[in-house]
Amino acid sequence: MTASHAVQTAVLSQGRAAVYEEPVGPAGVRVRERPRTEPAAGSVAVAIKAASINHLDLWMAHGAQRVTPPRVIAADGAGVVEASTVDAWKPGDEVVVYPVVCDWECPSCRAGQNVMCPHFGVVGEHTDGTACELFHIDARNIFRKPNDLTWTEAAAFPLTFLTAWRMLTTRARLQPGEKVLVVGAGAGVAVAAIRIAKHLGARVFATSRSEAKRKRAIEIGAEAAFDSADFSKAVREATGGVDVVFEHVGPATLGESMRSVVPGGRIVLCGSTSGVKAEIAMARLFWGQLDLLGSTMGNAGEFQAVLDAIDKGLRPVVDSVHPLSEVQGALERLDAAEQFGKVVLNIQ
Ligand SMILES: [Zn+2]
């Protein structure tokens, strides 16, 4: 997706905001002051309490996303309605942002398939983002904040939990008692996958290069965690093969992921952080009756399902909280792959 797919939805990021200005890495994202206005018809203005960053923001800062600066970063935000033009929301309501951009009107959107919308995009990539004091967005992108979450937690779950939820439920059809392997266990989306798979009653396994992250993966619900090097052997020895592999790494791990599943296994992917092209052992795919499943983000209905699961006890994992003024340090933490879970920006 490129910025040319941009959207009719009036998204505006106002007040103090973290703005991607130059493709030089974290140093190219700077805090700027933007003018404040009243929300347009159909929109809500949200005073953002906390936002969280994703790898997407880092790629954008490095110039890898073909986004023309300036662009306010971040897809995830939670805050308090400050002004509303619709009956559904009033000032003071506590809300979270559904991080998908779409037109809400096309046949796909009307059928509840926002991810198939011709105007599909991601907040903070295809529009300005949530790392700002006041965020205007279509009222249909606003959902009630789960009561049991802190502001930090409420900003930590949307993009990663939405993505991992669709991958594991709609796409991979993970069942209670099935075995799922989550590759690259420090990334926000992988941590979400461990928590969701456990919540759904699956048996969860994980891989990481880092011993500290393997230990953390076990603390949050994995039965066992394996070193990333040639992991399929250890996975097969320990599990006899898993039913589902949760992938976001791509070329560096896909072969090992395909060797880790049982016949009929599913490999579900939402990203490819190690490169854009991978080689596939074709016989393993067809002889093994494997499903290779792509997935991006999720529908509004899936976002509501995540919120319902949170009400039943599902919880995000916060790695660290940084003031908006230290957004560069927050991005550097992702750049160094030091994080386990979500890196959150405290806005106000
Ligand atoms: Zn649409």
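Quick note: the coordinates plus some simple rules give every number you see, no bench work behind them. Keep in mind that this is a model prediction, so the values were computed, not measured. Positions of Cβ are generated from backbone atoms using ideal geometry, with glycine treated the same way; all protein chains shown enter the neighbour counts.
Which loop-located trypsin sites (Lys or Arg not before Pro) does the stretch 158-249 contain, where loop means any DSSP state but H, G, I, E or B and the Cβ has at most 11 other Cβ atoms within 10 Å?
When the trypsin sites (Lys or Arg not before Pro) of the stretch 158-249 are filtered for loop state and at most 11 Cβ neighbours within 10 Å, nothing remains.
Could you sort the peptides 309-315, 117-123 by per-residue average Cβ neighbour count (10 Å cutoff), highest mean leading?
117-123, 309-315
Consider all pairwise Cα distances in the chain and report the whole-number % of them above 31 Å.
30
Within 10 Å, count the other beta carbons around each residue, average over each peptide in 17-24, 49-56, 331-338, and list them highest first.
In decreasing order of mean packing, 17-24, 49-56, 331-338 become 49-56, 17-24, 331-338.
Count neighbours as other Cβ atoms within 10 Å of each site's Cβ, and list the GluC sites (Glu not before Pro) in the stretch 201-309 that are DSSP loop with at most 11 such neighbours.
GLU279
For the stretch 54-163, which GluC sites (Glu not before Pro) are in a loop by DSSP, counting at most 16 other Cβ atoms within 10 Å?
Details: sites: GLU82, GLU94, GLU105, GLU125, GLU133, GLU153; in loops: GLU105, GLU125.
Here the GluC sites (Glu not before Pro) that fit, given the DSSP loop and packing criteria, are GLU105.
Quick one: Cα centre-to-centre distance for the stretch 61-120 and the stretch 306-339, in angstrom?
Their Cα centres are 19 Å away from one another.
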